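Report on one structure; see the data block that follows.
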Amino acid sequence: MIELKRLYKRYGDKTAVEDFSLTITGNQVIGLLGRNGAGKSTTMNMMTGCLPPSAGSVTVGGFDMLEQPEKAKRLLGYLPEHPPLYPDMTVSEYLRFAAGLKGVKGEAARAETGMAMEALSVGDVRNRLIRQLSKGYRQRVGIAQAILGRPAYVILDEPTAGLDPIQIRDVRDLIRDLGARCSVVLSSHILPEAADICRHIVIMHEGKIVVSDSTESLINDNGRLIVRAGAEMLEQRLRLIPGVEDVRRLDRAEEGAWDYRIDCKPGADVRREIAAACHDAGAGPLMLRPVQATLEEVFLQAIQTGGCADGPNE
């Protein structure tokens, strides 16, 4: 388990991260999202012990990052925003070096570097100098070093930056596989990517958490329903239901039936009342379903309104 408790990072009179708390448990992929300057990389640097917090604590696997940093860091694999590569080493030399830093040596190191090169498809450039590699290949080598030693927690800052579409797909598949056997925290500017592979989403804005909830809840629990009914003029009747904020009639869905979009107040469950209203009007209902929001819509609403940070954190 990783516990981040009330983390702050201040630079003079500027606060980059403010009162950040998060508990990470189980095998899952967590997405850390936010605009440039929201505090994502600063948070990851504190999480991995690369940057001391101004206040608060980081505990990894029961080890305090400030008091027992070596033990805490042994449980982590980390890809920072700029991969820590040595350009005058070959890929295989660098990965063996990185394995040694993690305490993996001898036959175990050879096995681990072979696994990492295969997983990231960099075996074909194993004997090339890193400075001769494209940005995409360098990014893949950086991810390979992060997974050496099979850490319990893998922290990835923009892992697909600089990759082509095929490489992005392969890295997404790798992250899904990692999430089945360890905790993965990643930051990304690609919202469909986060929605596709992350089970939990944390959105930061101006250094604070504004949303922390499961991806499923964020996308499905947006208070919007579609009802299909056999009547063309139901808006006023539906608006009278307590808990309904707005109703809009959409295009005719089929012969003799129309779809209505219903916006509900937060926390209101009005499905039974909607069905009863349609039934009383002799109009069905023929269908009633929630409308999925996109993660982009959730993200924009969160940073515009300040969101809420009272969802589950694990």
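The values are calculated or read from the model by the stated rules, or taken from the named source; none is laboratory data. This one's a predicted model, so the numbers in the text were calculated from it and none came from an experiment. Don't worry about glycine lacking a Cβ; one is built from the backbone with ideal geometry, like all the others, and counts go over all protein chains shown.
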Worksheet, complete the sentence: When segment 19-57 is checked residue by residue, the ones that are farther than 21 Å from His189 by Cβ and surrounded by 22 or more Cβ atoms within 10 Å (Cβ to Cβ) are Pro53
Discussion item. Of everything in segment 6-35, what is in contact with a Ser or Thr (Cβ under 9 Å, 6 or more places away or on another chain) and either farther than 18 Å from Val58 by Cβ or outside the structural domain of Ala72 (by TED's automatic domain parsing) (or both)? Give them in sequence order.
Written reply: Tyr11, Gly26, Asn27, Gln28, Val29, Gly31, Leu33, Gly34
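Each row is one residue, and each column tells you yes or no for (1) more than 17 Å from the chain's Cα centre (by Cα); (2) within 21 Å of Asn36 (Cβ to Cβ); (3) modelled with pLDDT of 85 or more; (4) not assigned by TED's automatic domain parsing to the domain that holds Gly256.
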| residue | (1), (2), (3), (4) |
| --- | --- |
| Pro266 | yes, no, no, no |
| Asp269 | yes, no, yes, no |
| Glu273 | yes, no, yes, no |
| Ala277 | yes, no, yes, no |
| Gly284 | yes, no, no, no |
| Gln301 | no, yes, no, yes |
| Gly307 | no, yes, no, yes |
| Pro312 | no, no, no, yes |
Fill in: Extreme residue, surrounded by the fewest Cβ atoms within 10 Å (Cβ to Cβ), among residues of segment 199-234 that are among the polar types (S, T, N, Q) and touching a strand residue (DSSP E or B) at 6+ places or on another chain (Cβ under 7 Å)
Asn220
Practice prompt. Go over the candidates Arg261, Arg248, Arg237 one by one and state the one that is loosely packed, with under 14 Cβ neighbours inside 10 Å, more than 27 Å from Ile147 (Cα to Cα) and not assigned by TED's automatic domain parsing to the domain that holds Thr25.
Written response: Arg248
Fill in: Scope segment 171-201; condition closer than 21 Å to Ala38 by Cβ, hydrophobic (A, V, I, L, M, F, W, C) and out of contact with any Pro (no Cβ under 9 Å at 6 or more places or on another chain); matching residues
Val184, Val185, Ile190, Leu191, Ala194, Ala195, Ile197, Cys198, Ile201
Worksheet item: Looking at segment 263-303, which of its residues are among the acidic types (Asp, Glu) and under 17 Å from Leu240 (Cα atoms)?
Response: Asp263, Asp269, Glu273, Asp280
Worksheet item: So how many residues does segment 70-92 have that are surrounded by fewer than 15 Cβ atoms within 10 Å (Cβ to Cβ) and either over 13 Å from Gln139 (Cα atoms) or not assigned by TED's automatic domain parsing to the domain that holds Gln139 (or both)?
Response: 3
Worksheet entry | Among (1) more than 21 Å from the chain's Cα centre (by Cα); (2) of a type in the set (D, E, K, R); (3) buried (at least 16 other Cβ atoms within 10 Å of the Cβ), the one test that Arg140 misses | (1)
Worksheet item: Which residues, taken from segment 180-198, are β-branched (Val, Ile, Thr), within 8 Å of the chain's Cα centre (by Cα) and crowded, with 23+ Cβ neighbours inside 10 Å?
Response: Val185
Discussion item. Out of the helices (runs of 4 or more DSSP H) lying entirely within segment 66-165, which hold 2 or more residues that are aliphatic (A, V, I, L, M) and over 29 Å from Leu33 (Cβ atoms)?
Written reply: 91-101, 106-119
Discussion item. So, Ala195, is that one modelled with pLDDT of 85 or more, among the small types (Gly, Ala, Ser) and in the same structural domain as Arg110 (by TED's automatic domain parsing) or not?
Written reply: yes
